[in-house]
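S.K.: The structure under discussion is supplied below as structure tokens; questions concerning it will follow.
The values are calculated or read from the model by the stated rules, or taken from the named source; none is laboratory data. Treat the numbers as computed from the prediction; the structure is a model and nothing was measured. As a convention, Cβ positions derive from the backbone with ideal geometry for all residues, glycine included, and neighbour counts pool all protein chains shown. Just so you know, the surface numbers come from the protein's heavy atoms only, side chains and all, with ligands and any DNA or RNA stripped out. Shrake-Rupley method; radii C 1.70, N 1.55, O 1.52, S 1.80 Å.
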Amino acid sequence: MSLPLRVLMLEDSEMDAELVLYELRRAGYEPDWRRVDNEADYLSCLSTDLDVILADYSMPQFNALRALQLMKERGMDMPFIIVTGTAGEEAVAECMRQGARDYLLKDRLGRLGSAVEHALQEKRLNDEKKQALNALHENEEKYRSLFESSPEPIMLIGLDGTILDCNQAAQIIANRPRKELIGKSFQDLGVLDETNMPVIMQRFTEIIGGKLFAPFQIRVIRNDNKILWLEIHVALLKKDDAIYAIQVISRDITEQKQIEAERENLIQELAARNAELEQFTYTVSHDLKSPLVTINGYLGYIEQDAASGNLERLKQDTQRIQDATNKMHALLTELLELSRIGRMMNAPENISFEEIVKDAIDIVHGQLEKRDVTIQTQPNLPIVYGDRQRLTEVLQNLLDNAIKYMGDQTNPLVEIGQHGEEDDKPIFFVKDNGIGIAPEYHERIFGLFNKLDPNMDGTGIGLALVKRIIEFHKGSIWVESKLGEGSTFYFTLPKE
Ligand code: ADP
């Protein structure tokens, strides 16, 4: 069966054309043909529907070189074979350079069939290659548009750690333009500190070794010092089965991490409050009961005193009952006060710390005089932002304790001042030269009902109250002290 073949012949000789058609039919083709011998006709017949162009090298009005040129100008690439009787080697070589696939001499046309077949096959292969390249190009464009427009930051990292490419989102999260990222090694970006650098290097090796595919989290410090948490998803990019880069998609999970940390803090706070509550229940049943037991006991003695008419003892026993009720009163008042912190706060304001100190000294004035305590207050103390009444309570409690735990100090001295800052908050101190506190109790004294000396006056609530007020102001409190060497209570408060 003959193969259909659409042929355009550039030939001025009808006889030569017949010869060519004869050869094509002999080779098994069924030519559907047109013959032209000038530029205008050639252009009107030139179309991609053609299978082959067979061109005489030179015609009176036209030539093969010009025909090749015109075909190229129109972006076409048809199998073009020179069939000539006259052209010299030089001219033929030029035609081949310009894209002709083959050439034949008219007196040796026996090879025409195989030359056409060869040219068609070459064209087919070229078309297939072009299609594959187009598809590749299309895929590349799709990937690039996905890459660029992805809201997730994506980077391509070479096996030596060099950043090969990054999308818009990656530039935003890195806070750097593309030119400051590409060509840099991720180790040199300065976003990893010495603790997580070895971890990342280990991960990187595992990824390249094909051992790690699961997402992992890292903490990075950006050039504006902002700390970000990223969840890293990796994929290996391969060419001819060899890995050449890692595609890194990093999701910003900073907010999620913050929420997790806040949740963790809340849980811890809740656990601490629960423990406090447990202790509270215990103490309420124990500490509040003990004055009641005292009262009950002395009521019995009073009965005896009255019966025996011993007025002197009756007076003493009544005083004991009085002391016990006072103690209960103090306990209940402070407990109530403690339970109110947080709920019963006044609107915060800018207050001079000196005024707070003055107010607190006024309240403890009597005790100071009684124990002959000297107070030295540093001048020009900063302004703080907080609840005036509660902050006065803090100072009052600390002064109370400083006086109460003076021991047998012959020159009782309390110094109040400010020294340095922590987290941008001034550090205040109340320093005494009293009995001091052994280091093992430095934490414990801030808990509820933690009295170091059960024989001392006091409820063990004061410092718990102080701590809660300070923490409510987002500050912190701690003590530095050694037994017998006085104590210094430090605390921070927000600035104006
Ligand atoms: P209290 O009502 O017993 O004073 P606090 O909570 O105020 O309760 O203090 C807890 C314990 O911490 C006190 O019982 C005391 O042992 C110790 N303490 C507090 N302040 C001082 C201080 N300035 N010097 C020595 N010990 C102190």
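S.K.: Using Cα atoms only, what is the angle between the long axis of helix 353-363 and the major principal axis of the chain, expressed in degrees (0 to 90) to the nearest 10?
M.R.: Between the helix axis and the principal axis of the chain, the angle is about 30 degrees.
S.K.: Okay, next question. In the neighborhood of residue 297, defined by Cβ-to-Cβ distances under 10 Å, what is the net charge if each Lys or Arg adds +1 and each Asp or Glu adds -1?
M.R.: Numbers: positive: 320; negative: 317.
With Lys, Arg at +1 and Asp, Glu at -1, the neighbours total 0.
S.K.: Hey, another quick one. Among 240-250, 163-173, 205-215, what's the highest-first ranking by average C-beta atoms within 10 angstrom per residue?
M.R.: The most tightly packed comes first, giving 163-173, 240-250, 205-215.
S.K.: Right, something else. What net charge do the residues around residue 355 carry, taking every other residue with its C-beta under 15 Å from that of residue 355, with Lys and Arg at +1 and Asp and Glu at -1?
M.R.: Summing Lys/Arg as +1 and Asp/Glu as -1 gives -4.
S.K.: If you average over every viewing direction, what projected area does the convex hull of the Cα atoms of the stretch 1-112 give, in nm²?
M.R.: Working: hull surface 25.6 nm².
Reported value for the Cα convex hull: 6.4 nm².
S.K.: Taking all pairs of different Cα atoms in the stretch 69-200, averaging 1/r and flipping that mean, what Kirkwood radius in angstroms comes out?
M.R.: Details: mean 1/r = 0.0498 Å⁻¹.
Evaluated on the stretch 69-200, it is 20.1 Å.
S.K.: Please compute the per residue accessible area over the stretch 1-124 with all protein chains in place, 1.4 Å probe, rounded to a whole number of Å².
M.R.: 53
S.K.: Is there a quick way to get the dipole size of the chain? I mean about its Cα centre, with the Cβ of Lys and Arg at +1 and of Asp and Glu at -1; what is the value in debye to the nearest 20? Display every interim value, and only then the final one.
M.R.: Details: 56 positive and 82 negative charges, 141 e Å.
Roughly 680 debye, rounded to the nearest 20.
S.K.: Each residue of the stretch 178-187 in order: what ³J(HN,Hα) in whole Hz does its phi give by Karplus 6.51 cos²θ - 1.76 cosθ + 1.60, θ = phi - 60°, with x for Gly and Pro?
M.R.: Running phi through 6.51 cos²θ - 1.76 cosθ + 1.60 with θ = phi - 60° gives 3, 5, 8, 10, 5, x, 8, 8, 5, 5 Hz.
S.K.: Something else about it: Which lysines, if any, have their Cα less than 19 Å from the Cα of residue 123, not counting same-chain residues under 8 positions apart?
M.R.: Straight-line reach from residue 123, under 19 Å: 72.
S.K.: Considering only the chain, what is the antiparallel percent among its DSSP beta bridges, to the nearest 5?
M.R.: In the chain, DSSP labels about 70 percent of beta bridges as antiparallel.
S.K.: So, for the stretch 154-214, what is the accessible surface per residue at a probe of 1.4 Å, expressed in square angstrom?
M.R.: Per residue, the stretch 154-214 has an accessible area of 53 Å².
S.K.: Right, something else. Taking only C-alpha pairs under 8 Å that are 6+ residues apart, what is the relative contact order of the chain in percent?
M.R.: That works out to 7 percent.
S.K.: Does the stretch 48-147 come out rounded, prolate or oblate, given a ≥ b ≥ c as the square roots of the eigenvalues of its C-alpha gyration tensor, rounded meaning a/c under 1.5 and, failing that, prolate meaning a/b above b/c?
M.R.: Details: a/c = 3.33, a/b = 2.21, b/c = 1.51.
The shape class here is prolate.
S.K.: Here's something else I'd like to know. Under the Karplus relation 6.51 cos²θ - 1.76 cosθ + 1.60, θ = phi - 60°, what is the ordered set of whole-Hz ³J(HN,Hα) values for the stretch 222-230, x standing for Gly and Pro?
M.R.: Each residue's phi maps through the Karplus curve to give 6, 4, 9, 6, 6, 8, 10, 9, 10 Hz.
S.K.: Heavy atoms only, probe 1.4 Å: what % of the accessible area of the chain goes to carbon and sulfur, would you let me know?
M.R.: Here carbon and sulfur together make up 51 percent of the probe-accessible area.
S.K.: Now, a different point. Can you return the lysines within cross-link range of residue 257? Criterion is Cα-Cα under 26 Å, with same-chain partners fewer than 8 residues away left out.
M.R.: Filter leaves 226, 425, 474.
S.K.: Moving to a separate point now. Rounded to the nearest 20 debye, what is the charge dipole size of the stretch 44-192 about its Cα centre when +1 sits on each Lys and Arg Cβ and -1 on each Asp and Glu Cβ?
M.R.: Numbers: 18 positive and 23 negative charges, 33 e Å.
In total the dipole reaches around 160 debye.
S.K.: With θ set to phi - 60° and the Karplus curve 6.51 cos²θ - 1.76 cosθ + 1.60, what are the ³J(HN,Hα) couplings of the stretch 210-218 in order, to the nearest whole Hz, using x for Gly and Pro?
M.R.: x, 9, 10, 10, 5, x, 9, 10, 9
S.K.: Continuing with the same structure: Separation of the stretch 356-395 and the stretch 436-455 by C-alpha centroid, Å?
M.R.: Comparing the Cα centres of the stretch 356-395 and the stretch 436-455, I get a distance of 23 Å.
S.K.: If you average over every viewing direction, what projected area does the convex hull of the Cα atoms of the chain give, in nm²?
M.R.: One quarter of the hull surface, i.e. the mean projection, equals 44.1 nm².
S.K.: To one decimal place, what orientation-averaged projected area in nm² is obtained for the convex hull of the Cα set of the stretch 330-376?
M.R.: 4.8
S.K.: Quick one: which residues, 5+ away or cross-chain, put their amide H under 5 Å from the amide H of residue 103? H built at 1.01 Å from N.
M.R.: 82
S.K.: Now for a separate question. From zero up to wherever the largest Cα-Cα distance of the stretch 375-496 sits, split into 10 Å bins and tell me the percent of pairs in each.
M.R.: Binned Cα distances yield the sequence 13, 47, 33, 7, 0.
S.K.: Below 8 Å, C-alpha to C-alpha, sequence gap of six or more: please give me the relative contact order for the stretch 219-299 in percent.
M.R.: Computed over the stretch 219-299, the figure is 18 percent.
S.K.: Right, next: Would you tally the net charge around residue 109, using a Cβ to Cβ cut-off of less than 10 Å, leaving residue 109 out, and scoring K and R as +1, D and E as -1?
M.R.: Numbers: positive: 26, 106, 108, 111; negative: 16, 23, 107.
Once all neighbours under 10 Å are counted, the net charge is +1.
S.K.: Here is a further query. Which order do the peptides 433-439, 369-375, 102-108 come out in when sorted by mean C-beta neighbours inside 10 angstrom, highest first?
M.R.: 433-439, 102-108, 369-375
S.K.: With unit charges on the beta carbons (Lys and Arg positive, Asp and Glu negative) and the dipole taken about the Cα centre of the chain, which residue among 249, 324, 492 sits farthest to the positive side?
M.R.: Among 249, 324, 492, the one farthest towards the positive end of the dipole of the chain is 324.
S.K.: Going by the alpha-carbon gyration tensor, a ≥ b ≥ c the square roots of its eigenvalues, is the stretch 88-132 rounded (a/c under 1.5) or, if a/c is not under 1.5, prolate (a/b greater than b/c) versus oblate? The partial results should precede the final answer.
M.R.: Details: a/c = 6.26, a/b = 1.52, b/c = 4.13.
Oblate, because a/c is 1.5 or more while a/b does not exceed b/c.
S.K.: Now, a different point. Within 10 Å of each candidate Cβ there may be at most 16 other Cβ atoms; applying that plus a DSSP loop requirement, which trypsin sites (Lys or Arg not before Pro) in the stretch 1-81 survive? Please report the intermediate quantities before stating the final value.
M.R.: Values: sites: 6, 25, 26, 34, 35, 66, 72, 74; in loops: 74.
Listed in order of number, the matching sites are 74.
S.K.: For the ranges 12-22, 45-55, what's the packing order if you count other beta-carbon atoms within 10 Å of each residue, average per peptide, and put the highest first?
M.R.: Packing order, densest peptide first, comes out as 45-55, 12-22.
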